[in-house]
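Here the structure comes first, spelled out in structure tokens, and everything after it is commentary.
Values quoted throughout were computed directly from the atomic coordinates according to the rules given, and no laboratory measurement underlies them. Since this is a predicted model, take the numbers as computed values, not measurements. FYI the Cβ positions are ideal-geometry reconstructions off the backbone, even for glycines, and counts take in every protein chain you see.
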Amino acid sequence: MRQLSTLLREEELRNLKDLVIEEGGRVLPPRSKWELFRFELLDYKGMVYSSGKVVYHEPLIPLIERSLVEGPEIEVGSDEAGKGERSGPIVVAAVALDGEGRRFLRARGLLESKSLSERRLFELADMVEGRALALSYKIVTPDQLLAEWRKGKLNYMLAEWHLEVVSDVLKRVNASRIIVDSFDEPKLREAFSPLADQGVEVVIETRADLKYPSVAAASIIARRIYLEKMDEGAKWV
């Protein structure tokens, strides 16, 4: 039977415990110092680690989904793939999700792209496309990257590319918050200052893909497109 995994916050872990008991299941003690608790419901099992990561049998998706706490607000997350790779393009992506979409994807194993197998990444990318209120991406060719690197402007341009895909998404949705996975906070703050001045909350955090579902979703879309372009070969125009 397939196992899935996702990250739960403290309040959600408490909800999970309560729901397991409410449904007639069992909350069991940990078996190692890295675990918080285990649980069983019907013939299915789950394990919770101190990091908040939960590993569970796929039929427990409805239980996990009911445990999650997500407000109704629309978030736009932005992330990139390919930066730091030896070859290929950079792909920058932005994804808008409402609370229902974030809850749906998290319960089905939404995690940042680097922790996923390629098969699982493509599966989740399809789910993200199905649940996103809007998404946008930009492919930056190796020649473009080299030109910006030679001018010493790569991080400046990367911030502008993030702003470009986020702005494209904002043409189609009204979001209350924008979250960007940070690589250079001062340059990102400068690029996104016009949106912040308009009253939109802009969150710029390192490793935001670990904390925010919308950024994790953007990382998955960006990574899938990067892999697809690599499979096509080094012929980007």
Taking r as the C-beta separation of THR141 and VAL173 and R0 as 22 Å, the FRET efficiency to the nearest 0.05 is 0.20
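In nm, what is the difference between 0.36 nm times the number of residues separating GLU129 and LYS53 and their Cα-Cα distance? Walk me through the numbers on the way to the answer.
On the way: separation 76, 0.36 × 76 = 27.36 nm, distance 2.41 nm.
Gain on extension, GLU129 to LYS53, equals 25.0 nm.
Once you have the Cα-Cα distance between TYR44 and LYS114, take 0.36 nm times their residue separation minus that, and quote the gain in nm to one decimal.
On the way: separation 70, 0.36 × 70 = 25.20 nm, distance 2.73 nm.
Between TYR44 and LYS114, full extension yields 22.5 nm more.
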Just want the answer: with Cβ charges of +1 for Lys and Arg and -1 for Asp and Glu, which residue in THR6, SER50, VAL27 is farthest toward the dipole's positive end in the stretch 3-67?
SER50
Mind giving me the FRET efficiency for VAL203 and ARG26? R0 is 35 Å, r the Cβ-Cβ distance, nearest 0.05 is fine.
0.35
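Within 10 Å, count the other beta carbons around each residue, average over each peptide in 111-118, 210-217, 199-206, and list them highest first. Walk me through the numbers on the way to the answer.
Values: 111-118: 16.9, 210-217: 25.6, 199-206: 15.1.
In descending order of packing, they fall as 210-217, 111-118, 199-206.
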Rounded, prolate or oblate: which fits the stretch 3-67, taking a ≥ b ≥ c as square roots of the Cα gyration tensor eigenvalues, rounded meaning a/c under 1.5, else prolate when a/b beats b/c?
rounded
Fraction of antiparallel bridges per DSSP, the stretch 75-232 only, in percent to nearest 5
60 percent
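Calculate, for GLU11 and GLU228, the FRET efficiency according to 1/(1 + (r/R0)^6) with r their C-beta to C-beta distance and R0 25 Å; round to the nearest 0.05. Kindly include the intermediate steps, with their values, before the conclusion.
Values: r = 37 Å, r/R0 = 1.50.
According to the calculation, E is roughly 0.10.
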Using a Gaussian network for the chain with springs between C-alpha atoms less than 10 Å apart, which of these wobbles most: LEU110, LEU97, LEU227?
LEU227
